[in-house]
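Encoded as C-alpha cells, here's the structure I'll be asking about.
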Amino acid sequence: MSKTIAGVFVALTLAAVAAGCNQSADAQSGGAPVAFKVGTFERNGQPFVGLVLKDTQVVDIGPANAAYESANGSAPKLTVPGDMKQLIANYDTSWKGRLAAIAKDVSNAPTAPAYASAVDTLKILPPVRPSVILNAGGNYVEHTEGIAAQQQRAGAAPEQPSQATSAPGIWERKPGDKRDNPYLFQKSPTVVTGAKDPIVMPRGRTNIDFECEFDVVIGKKAKYVPSANALDYIFGYTVQIDVSDRGARGDRKMGGSDWLIGKNHDTFGPLGPFIVPKE
C-alpha cells in the first residue's frame, strides 16, 4: 500500500478542527447524499479543482460555488481553493458539506449547468502534488513471498523465517507477532504525472516494469499516531502506477539495491485520475 502525503504540511495542514454548524447547514438539503470524487483539471491552459460525478462529469468548484451562494443567501461565503492542497486543508471545516450540496444540486438539475464539463473534454492533471510519497516494498503476504522466490531464482540464499522485533520510536511489536516490520521507500514528488500522461522510457534502460498501487492520501500533519486513530488523518484514496526500472546498476554498492534508479526516473509516478474522499 502506498501512502501519499498530500502537501507541504506547514502550509497544508493547519490542523482541521471538528466540522462546524456551517458545514452541517450545507449538507442538510434532504435526500440521499450523492457520491463524488475530486480532481485537478486544466481547461484552456488554466488549472482548476473539480468535483467529479459518476467518473464522467467534472464540476468547476469556483463557479459552482458562486451559483450555490447566490441561490442560498444565508450560506457562508467560502474562499475557493486555488489547488487541491487548499481544498484538503479546509475540507473538514467548510468544503465537505458544500461539495456535498453542490453535487446534489448538479445531479438533480434537469440539464447540466454551464460550469459542468464532460471529463473527456478536459486535461486531467495529477489530483494533488504530494510533498512526500511513501510506498511499501511488500504490499501483502503473497507479494513478499513472490519477491523472495524471484530472488532465489536469481541465486540469492533462501530467506530465513522472520525474526522481526520492535524498533523503539518507530513501531512496537506485541508478543507473538511474527510479521515482518514494514519496509517503505520514497518516490520523488518530481516524478508525479497525470493518470493519462505518457510514461517516458529512460535512455538506455529496457527492463521497465509497473505495479498498480492503492494510495492513502494523508490530509493532516501527523506523527506518532496510534493505528486506532489513523483514519482521523486520512483525506481519501487514489491510485498510483509505481513504475520501476528493474535493470541493474552495474555494481553491488550498498548491496546492489538502488531506489533512486529503480523508482525515480521522470514520469515514473502517474497518479489519479481522482481522489475519493474517505467518507
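The values are calculated or read from the model by the stated rules, or taken from the named source; none is laboratory data. It should be emphasised that the depicted structure is a prediction, and the values quoted were computed from it without experimental measurement. Note that each Cβ is placed from the backbone with ideal geometry, even for glycine, and that neighbours are counted across all protein chains shown. Surface accessibility is based on the protein's heavy atoms, side chains included, excluding ligands, DNA and RNA. Shrake-Rupley method; radii C 1.70, N 1.55, O 1.52, S 1.80 Å.
Past 32 Å, Cα to Cα, is the threshold; run Lys37/Lys174; Lys77/Lys123; Lys123/Lys223; Lys178/Lys253; Lys37/Lys178 against it and keep the listed order. Write out the running numbers ahead of the final one.
On the way: Lys37/Lys174 38 Å; Lys77/Lys123 29 Å; Lys123/Lys223 35 Å; Lys178/Lys253 30 Å; Lys37/Lys178 38 Å.
Over 32 Å Cα-Cα: Lys37/Lys174; Lys123/Lys223; Lys37/Lys178.
Given a 1.4 Å probe and the protein chains all in place, what does the accessible area of Glu145 round to, in Å² to the nearest 10?
Rounded to the nearest 10, the figure is 110 Å².
Taking N as the number of residues in the chain, what value does Rg over Cα atoms divided by 2.2 N^0.38 Å take? Kindly include the intermediate steps, with their values, before the conclusion.
On the way: Rg = 21.8 Å, N = 279, 2.2 N^0.38 = 18.7 Å.
Compactness ratio reported: 1.16.
So with the 1.4 Å probe, I'd like the accessible area per residue for the range 32-169, rounded to whole Å². List each step's numbers first, then the result.
Numbers: 7260 Å² over 138 residues.
On a per-residue basis, the range 32-169 sits at 53 Å².
Work out how much length Glu279 to Glu172 would gain on full extension: take 0.36 nm times their residue separation and subtract the Cα-Cα distance, in nm to one decimal.
Working: separation 107, 0.36 × 107 = 38.52 nm, distance 2.92 nm.
Residue separation times 0.36 nm, minus the Cα-Cα distance, leaves 35.6 nm.
Calculate I(q)/I(0) for the range 89-172 by the Debye formula, one identical point scatterer on each C-alpha and no solvent, and give its log10 at q = 0.11, 0.12, 0.25 Å⁻¹ to two decimals.
Taking Cα atoms of the range 89-172 as identical point scatterers yields -0.71, -0.76, -1.27.
Taking R0 as 45 Å, what's the FRET efficiency between Thr206 and Ser70 from their Cβ-Cβ distance, rounded to 0.05?
Working: r = 57 Å, r/R0 = 1.27.
So the FRET efficiency works out to roughly 0.20.
Shifting gears a bit: Taking the alpha-carbon distance from Lys104 and a cut-off under 17 Å, which aspartates and glutamates remain once sequence neighbours fewer than 8 residues away in the same chain are dropped?
By straight Cα distance, Lys104 reaches Asp26, Asp55, Asp60, Glu69, Glu279.
Which whole number of Å³ per residue matches the convex hull of the alpha-carbon atoms in the range 52-106? List each step's numbers first, then the result.
Values: hull volume 4.5 nm³, N = 55.
That works out to 83 Å³ per residue.
Any idea how far the Cα center of the range 213-240 sits from the one of the range 98-154, in Å?
When both Cα centres are located, 14 Å separates them.
Arg246 to Asp197: FRET efficiency via 1/(1 + (r/R0)^6), r the Cβ-Cβ distance, R0 35 Å, to the nearest 0.05? Mind dumping the intermediate values first?
Numbers: r = 22 Å, r/R0 = 0.61.
The value I calculate is 0.95.
Same structure, new question: Carbon and sulfur: what percent of the range 128-231's accessible surface (1.4 Å probe)? Could you put the intermediate results ahead of the total?
Values: 4240 of 7550 Å².
Here it works out to 56 percent.
Sorted by average packing, counted as other Cβ atoms within 10 angstrom per residue and highest first, what order do 239-247, 226-234, 38-46 take? Don't jump to the answer; show the numbers that get you there.
On the way: 239-247: 18.8, 226-234: 11.1, 38-46: 16.1.
Descending packing order for the listed peptides: 239-247, 38-46, 226-234.
Output the Kirkwood hydrodynamic radius of the range 194-279, Cα pairs only, in Å rounded to one decimal. Please report the intermediate quantities before stating the final value.
On the way: mean 1/r = 0.0661 Å⁻¹.
The Cα-based Kirkwood calculation yields 15.1 Å.
Full-extension gain between His143 and Val80, please, as 0.36 nm times their residue separation minus the C-alpha to C-alpha distance. Let's see the in-between values first.
Numbers: separation 63, 0.36 × 63 = 22.68 nm, distance 4.23 nm.
Residue separation times 0.36 nm, minus the Cα-Cα distance, leaves 18.4 nm.
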